[in-house]
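Participant: Take this structure, written in structure tokens, and hold onto it; I'll ask about it next.
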Amino acid sequence: MALHMWLTVVMTALLTALPGGTGTAGSAGTAGGAGCAGAGSDARCWPVAGPGVRGRPAVLRAFEPPATPYAAGHRGVDLRAGPGSVVRAAAPGEVTFAGKVAGTDVVVLRLDRPDASLRVTYEPVRGTVAVGTRLAAGGPLGVVTDSAVHRSPGCLHWGLLRGDVYLDPLTLLPPWLLRAGPSRLLPVFGAAAGGTERKAEAAARVRGGRSPRAAPS
């Protein structure tokens, strides 16, 4: 199955080199919603919204880079998403492919970058927008299908490539959006306290116990 995944992504990479389809470029969907952060070109979103904190979906399997191009590994991240789940653009970009590759529905999004070097892949996903459509982060681009070809039913396989090199797609998201736990306010250490506060703190220490210097010898 690892070989199938490799063939799927390589064929997708080749297909993205073809000219775009007849779809009219434009904006589809709006950025924002659960699991999104930032605005404009810096906006980022989880591909599917989940029940976790800040809309975080469950990560079923993490990225496992192969030692060599033909070695075993997991060239992407699997997110829990049932058939029919809406799939969104993880970052602003243009849909360059939507169709079947090796029997699996695949959508490819080329991210908005000066060198156009990064491509995001989604499978098994049936595209709901035309090739050539430009999307803001969070814009819907397809739905998860019930594909028997995919190794883990009930999940979205999310990939990221620069050229032919596989990258961890989680690196697209800001750290606070990745955290599974709630945000916490931490105390600020080293801040200067006013004279009244320092005196009150010293008095509290004296009431709590004698200084070691004052202990009987």
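The values are calculated or read from the model by the stated rules, or taken from the named source; none is laboratory data. Keep in mind that this is a model prediction, so the values were computed, not measured. Every residue, glycine among them, receives a Cβ derived from its backbone with ideal geometry; neighbour counts consider all protein chains shown. Keep in mind that these areas ignore ligands, DNA and RNA; they rest on the heavy atoms of the full protein, side chains included. Shrake-Rupley method; radii C 1.70, N 1.55, O 1.52, S 1.80 Å.
Participant: When residues of the range 40-56 are filtered for being surrounded by 14 or more Cβ atoms within 10 Å (Cβ to Cβ), among the charged types (D, E, K, R) and on the phi < 0 side of the Ramachandran plot, how many remain?
Facilitator: So the count comes out to 2.
Participant: Still on this model: What are the pairs, 6+ residues apart or on separate chains, where a residue within the range 160-172 that is under 9 Å from residue 76 (Cβ atoms) has its Cβ under 6 Å from a residue that is open to solvent by less than 40 Å² (accessible area, probe 1.4 Å) and assigned to a strand (DSSP E or B)?
Facilitator: Pairs found: 160/120; 169/77; 169/158; 169/160.
Participant: Find all pairs meeting these conditions: Cβ atoms under 7 angstrom apart; at least six residues apart or on different chains; first residue within the range 104-124 and in contact (Cβ under 8 Å) with a residue 12 or more places away in the chain and assigned to a loop (DSSP other than H, G, I, E, B); second residue small (Gly, Ala, Ser) and open to solvent by less than 10 Å² (accessible area, probe 1.4 Å).
Facilitator: That search, which allows pairs on different chains as well, returns 112/93.
Participant: What do you reckon, is residue 165 out of contact with any strand residue (DSSP E or B) (no Cβ under 6 Å at 6 or more places or on another chain) and open to solvent by 30 Å² or more (accessible area, probe 1.4 Å)?
Facilitator: Against the criterion (out of contact with any strand residue (DSSP E or B) (no Cβ under 6 Å at 6 or more places or on another chain) and open to solvent by 30 Å² or more (accessible area, probe 1.4 Å)), residue 165 qualifies.
Participant: Any residue at all in the range 89-97 that's part of a loop (DSSP other than H, G, I, E, B) and either open to solvent by 10 Å² or more (accessible area, probe 1.4 Å) or basic (Lys, Arg) (or both)?
Facilitator: Yes; the residues of the range 89-97 include at least one that is part of a loop (DSSP other than H, G, I, E, B) and either open to solvent by 10 Å² or more (accessible area, probe 1.4 Å) or basic (Lys, Arg) (or both).
Participant: Also, quick follow-up: Could you grab me the full set of residues in the range 102-125 that are hydrophobic (A, V, I, L, M, F, W, C) and crowded, with 22+ Cβ neighbours inside 10 Å?
Facilitator: Within the range 102-125, 106, 107, 108, 109, 120, 125 qualify.
Participant: Of all residues in the range 126-138, which are open to solvent by 30 Å² or more (accessible area, probe 1.4 Å), assigned to a loop (DSSP other than H, G, I, E, B) and not aliphatic (A, V, I, L, M)?
Facilitator: 128
Participant: Would you say residue 141 is open to solvent by less than 30 Å² (accessible area, probe 1.4 Å) and farther than 21 Å from residue 38 by Cα?
Facilitator: The answer is no for residue 141.
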